[in-house]
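Participant: Sharing a structure with you now.
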Amino acid sequence: MLQRKLFMVLLVGVGSMELSSCGGETARSAQTQASPVVSAANKNTRQAATASSPARAARKEFAREAPLSIYHNPEAGISFRYPRNYSLEEGDVQESSFFLKRQEDLDGEQPGATLIATVQIPEDGYPNTTFEHGSLQLVINEAGTEKTCREARLVDPSGNGPRTTTIQGIVFRWNERESETAGTEIVERAYAGYAQSTCYEFLLTVAAEEAPDPDGFRKPADMNKIMKHLEKVVESLQIFTKSARPPAESDEETAGRL
């Protein structure tokens, strides 16, 4: 009798162990089957994030390009981009500025040269700094030769020769000089390139007060950084076939319409 009871107890114990073992295997099996689902979900999330990255990059690129305006002159066969907060004036400048060339200045320096456009950085473009002036002027000359065009407009006091850069397949020679007048530091740079029997010139000027602010309210202007912003305008240059100028109307035709 006692032996039969012991035998029954052993059977119950072995059965319990088997049931526990089966339950553990079932749980592990369920976890194994669920893992691919979770991995697939994570993979899909990563793929979705990756797919959206180009869209974000495109939006970022668009945001970077949005503040730019385009100057397009079909008769001169030229266009360039410039920051939208800069001002642009076509033809001769109206204001008299020590830093800007006027058409009458060009007439005396380069016969046949024409001032096409002037781009200026606003006076408050670099607040709380010693910045005074920043500008870019486009001049074209259809009367000169390629040789005269490629001669350096500015003389470098250090004796360094002009440097070159290629923009849209056109070689531009450029030179830079620094000067000081009445407590103002001035950096001037000139680019000259020849295409379509025309000399295209860009005149860049940046000026800032030379003496530091004694009260410490204004920082020295980073003139190299400002010049690089103007340099990007030059690098955006596009030259294309000039359009024919409209024929000049006679006074009689104009008076007839009036």
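The values are calculated or read from the model by the stated rules, or taken from the named source; none is laboratory data. In this text the structure is predicted, and so the values were computed from the model without any measurement. Every residue, glycine as well, gets a Cβ built from its backbone with ideal geometry; the counts of neighbours run over all protein chains shown.
Participant: With the structure loaded, tell me whether residue 176 is at pLDDT below 90 and either under 29 Å from the mean Cα position of the chain (by Cα) or loosely packed, with under 14 Cβ neighbours inside 10 Å (or both) or whether it fails that test.
Facilitator: Numbers: at pLDDT below 90: no; either under 29 Å from the mean Cα position of the chain (by Cα) or loosely packed, with under 14 Cβ neighbours inside 10 Å (or both): yes.
It is false that residue 176 is at pLDDT below 90 and either under 29 Å from the mean Cα position of the chain (by Cα) or loosely packed, with under 14 Cβ neighbours inside 10 Å (or both).
Participant: Answer yes or no: is there a residue in region 220-230 that is among the β-branched types (Val, Ile, Thr) and at pLDDT below 95.
Facilitator: So the first thing to find is which residues in region 220-230 are among the β-branched types (Val, Ile, Thr), and the list is 226.
Subset that is at pLDDT below 95: none.
No: zero hits.
Participant: Considering (1) at pLDDT 90 or above; (2) not in a loop (DSSP other than H, G, I, E, B), say which one residue 123 fails and leave the rest.
Facilitator: Checking residue 123 against (1) at pLDDT 90 or above; (2) not in a loop (DSSP other than H, G, I, E, B), the one that fails is (2).
Participant: Now for a separate question. Considering each of 242, 225 in turn, give the residue that is surrounded by 14 or more Cβ atoms within 10 Å (Cβ to Cβ) and charged (D, E, K, R).
Facilitator: Numbers: 225 fails: surrounded by 14 or more Cβ atoms within 10 Å (Cβ to Cβ).
Of 242, 225, the one residue that is surrounded by 14 or more Cβ atoms within 10 Å (Cβ to Cβ) and charged (D, E, K, R) is 242.
Participant: Which residue, of 100, 138, 106, is part of a strand (DSSP E or B), of a type outside the set (D, E, K, R), surrounded by 11 or more Cβ atoms within 10 Å (Cβ to Cβ) and modelled with pLDDT of 90 or more?
Facilitator: Details: 100 fails: part of a strand (DSSP E or B); 106 fails: part of a strand (DSSP E or B).
Checking each option against the conditions leaves just 138.
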